[in-house]
1. Quick one: is E13 part of a loop (DSSP other than H, G, I, E, B) and not small (G, A, S)?
2. I need a count of the residues in region 19-34 that are touching a residue at least 60 places away in the same chain (Cβ under 8 Å), open to solvent by less than 40 Å² (accessible area, probe 1.4 Å) and either part of a loop (DSSP other than H, G, I, E, B) or farther than 15 Å from A83 by Cβ (or both).
3. Report, ordered by the first and then the second residue, all pairs with beta carbons closer than 9 Å, sequence separation of six or more or different chains, a first member in region 55-69 that is hydroxyl-bearing (S, T, Y), and a second member that is in a strand (DSSP E or B) and modelled with pLDDT of 85 or more.
4. What tally of residues in region 47-75 results from selecting those that are closer than 19 Å to L3 by Cα, at pLDDT 90 or above and in a loop (DSSP other than H, G, I, E, B)?
5. On the given criteria, is A79 open to solvent by 30 Å² or more (accessible area, probe 1.4 Å) and either in contact with a helix residue (DSSP H, G or I) (Cβ under 7 Å, 6 or more places away or on another chain) or of a type in the set (G, A, S) (or both)?
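The values are calculated or read from the model by the stated rules, or taken from the named source; none is laboratory data. Being a predicted model, the structure only gives us computed values, none of them experimental. FYI the Cβ positions are ideal-geometry reconstructions off the backbone, even for glycines, and counts take in every protein chain you see. The accessibility values were calculated without ligands, DNA or RNA, using every heavy atom of the protein model including side chains. Shrake-Rupley method; radii C 1.70, N 1.55, O 1.52, S 1.80 Å.
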Amino acid sequence: MALNKITPKELYEKMKLENVTLLDVRAEEKYKAYHLEGSNIESFNIPKTHILNYTFEAVTASLPQGKEIIVACTTGNSAAQCAAVLSEKEFNAAVLVGGITAWKEFIKNK
């Protein structure tokens, strides 16, 4: 199954128009140091190990079913793995292309 993807620019434009659900799968320390914030962002931090080890049923109970969830990590690789697992569990998951690194670069050059 092909994963849905969203570029930093597309995410930026989307955030101007609607509320966005973002799942950051980086370690808690990295999330606390920097994560996407904004009035239109509902942000969750569930480290990738919880998702990839299939121990996430309890922690993902807070994630919305039927609404797009944009999954982010540092560069996009772990996010893609996590989005695939979430998609198997019938979540509408999309990957932030290039991850937080690409987001920071986009914002810096915007």
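1. On the way: part of a loop (DSSP other than H, G, I, E, B): no; not small (G, A, S): yes.
In short, no.
2. Result for region 19-34: 1.
3. Short answer, once both residue conditions are applied: T60/L23; T60/F44; S62/F44.
4. 4
5. Numbers: open to solvent by 30 Å² or more (accessible area, probe 1.4 Å): no; either in contact with a helix residue (DSSP H, G or I) (Cβ under 7 Å, 6 or more places away or on another chain) or of a type in the set (G, A, S) (or both): yes.
No, not satisfied.
Residues are listed down the side, and each one gets a yes or a no for (1) within 13 Å of L11 (Cα to Cα); (2) touching a Leu at 6+ places or on another chain (Cβ under 6 Å); (3) of a type outside the set (V, I, T); (4) open to solvent by 60 Å² or more (accessible area, probe 1.4 Å):
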residue: Q65; (1), (2), (3), (4): no, no, yes, yes
residue: I70; (1), (2), (3), (4): yes, yes, no, no
residue: E90; (1), (2), (3), (4): no, no, yes, yes
residue: A93; (1), (2), (3), (4): no, yes, yes, no
residue: K108; (1), (2), (3), (4): no, no, yes, yes
